[in-house]
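Worksheet: the structure to be examined is printed underneath.
The values are calculated or read from the model by the stated rules, or taken from the named source; none is laboratory data. None of these values were measured; they are calculated from a predicted model. When we count neighbours, we look across all protein chains shown, and the Cβ atoms used for this are built from the backbone with ideal geometry, even at glycine.
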Amino acid sequence: MRTRIHGARLFDGEHLRRTTDVIVEDGIVAAVGPGAGGRADAEVDGRGGTLLPGLIDAHTHVFDGSLAEALRYGVTTEIDMFCLPRPLARHRRLAADRDDVADLRSAGTLATAPGGHPTQLIAALTGTVLDPGDVTDLDTVTDPAQAPAFVAARIAEGADFLKIVIDDGSVHGAELPALTPEAAAALTAAAHDAGLRVVAHAITAAEAAVALDAGVDGLAHVWADVAPEDPASRRLARRVREQGVFVVTTLAYFEAIDTRQPGAAAGCAHPGHYANAVGALRALHQAGVPLLAGTDATPFAPAHGAGLHRELALLTGAGGLRAEEALAAATSAVADRFGLTDRGRVAPGLRADLLLVDGDPARDVSALGNVTAVWRRGIRQPR
């Protein structure tokens, strides 16, 4: 099937381009340009709309049904930051065999200390959204000397990158064991030796500094314990930029757990963290740090798919990013930082993971809610 999408504005993953045509054939973008590609078996009228690369959520946690939910909102790839081995194998098979769910890349089993985050969440969710049969004892790290074996085990599981957890529980109102700085550095070095990127879960400024000392490639969150006006945020943001580290934004997560925010989940005890997270995001943006749009989506809140739309609204509202910057943070920027060379842009030879919306999200990202069509590997999904 050779499909022409004609008359739509094009956001190519970096910039908004003028109205053009895009040809999709055999799962890839075959041609881009006015009148491109000659004949077509099917025509899609894109007039009045905007064609974009499929969105990529840079921080999710995959559960049964979430990849299908994500795709409905034009999220064609999810970056999964932790999934237990048995369910991850199930999700990988689903994404490989079917086109009616989002694709995924995953860290698989993350590196944490015995009893460290997120073991308390696994215990709480077992028997509800986690099947007891899928829950296994986590492979944890207590000694830097364990790092090479831990990384080798993750490679054997098929991990696409390594995630390490530097979290003492203070943001959660708890006391949790955490990886030592020495263990974090050893894990990072072992992963780099094996050719894996390293992303650190760190939610306080002090934890982020430990991650930077360890030499990680990215931070899975902005920090949320420093007041927006505190110069410490700006100093830390400059250090992040100097080290070439990317940061996944997750404002939607902090909004969801902050009791001061409308619609926050019942029982949360994290007042003020959203405002601090916004302050950190602004400091990072002003420093020129590469920002990737991610939500920390779960079976609860933020939601898969819809949560990324909310994240982009927060980035362009409270966060101060221009709409084009936010769209790039959810497409080409994620692809670049996670080595997804076949997606994240609309260009000949790349995967036809595409999103067509009514309106112009490069002016107002709320237009992303007006989904007209979604393609994954060139297959148009029923609406």
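Observations on the structure shown:
- Top-ranked residue in region 102-126 [being among the β-branched types (Val, Ile, Thr) and out of contact with any strand residue (DSSP E or B) (no Cβ under 8 Å at 6 or more places or on another chain); ranked as surrounded by the most Cβ atoms within 10 Å (Cβ to Cβ)]: Thr109
- Flag for Asp139 being within 30 Å of Leu187 (Cα to Cα), under 16 Å from the mean Cα position of the chain (by Cα) and not polar (S, T, N, Q): no
- Qualifying residues in region 48-66 (those that are touching a strand residue (DSSP E or B) at 6+ places or on another chain (Cβ under 9 Å) and farther than 26 Å from Gly349 by Cβ) - the one surrounded by the fewest Cβ atoms within 10 Å (Cβ to Cβ): Gly48
- Any hit, region 223-244, residues being in contact with a strand residue (DSSP E or B) (Cβ under 8 Å, 6 or more places away or on another chain), at pLDDT 95 or above, buried (at least 20 other Cβ atoms within 10 Å of the Cβ) and closer than 21 Å to Ala107 by Cα: no
- Leading residue by the ranking (nearest to Gly244 (Cα to Cα)) among those in region 206-229 that are among the β-branched types (Val, Ile, Thr) and in a loop (DSSP other than H, G, I, E, B): Val216
- Output for region 230-243, where each listed residue is in a helix (DSSP H, G or I) and in contact (Cβ under 8 Å) with a residue 24 or more places away in the chain: Ala232, Ser233, Arg234, Leu236, Ala237, Arg238, Arg239, Val240, Arg241
- Scanning region 158-185 for residues that are surrounded by fewer than 20 Cβ atoms within 10 Å (Cβ to Cβ) and in contact with a helix residue (DSSP H, G or I) (Cβ under 6 Å, 6 or more places away or on another chain) yields a total of 2.
- First in region 136-153 and surrounded by fewer than 12 Cβ atoms within 10 Å (Cβ to Cβ), second anywhere and part of a loop (DSSP other than H, G, I, E, B) and modelled with pLDDT under 95, Cβ under 7 Å, 6 or more apart: Thr136/Leu84
- Candidate set: region 89-114, residues that are in a loop (DSSP other than H, G, I, E, B) and not aliphatic (A, V, I, L, M); chosen: the one nearest to His201 (Cα to Cα): Thr112
- Positions within region 305-339 being surrounded by fewer than 19 Cβ atoms within 10 Å (Cβ to Cβ) and either touching a residue at least 60 places away in the same chain (Cβ under 8 Å) or aliphatic (A, V, I, L, M) (or both), in sequence order: Ala318, Glu324, Gly339
- Residues that are part of a helix (DSSP H, G or I) and closer than 25 Å to His273 by Cα, drawn from region 185-205: Ala205
- Residue in region 359-369 that is more than 16 Å from the chain's Cα centre (by Cα), within 25 Å of Phe63 (Cα to Cα) and touching a residue at least 60 places away in the same chain (Cβ under 8 Å) present: yes
- Count of region 343-383 residues, restricted to those that are of a type in the set (D, E, K, R) and under 20 Å from Leu16 (Cα atoms), is 8.
- Annotation: Glu14 fulfils all but one of (1) assigned to a strand (DSSP E or B); (2) touching a residue at least 40 places away in the same chain (Cβ under 8 Å); the unmet one is (1).
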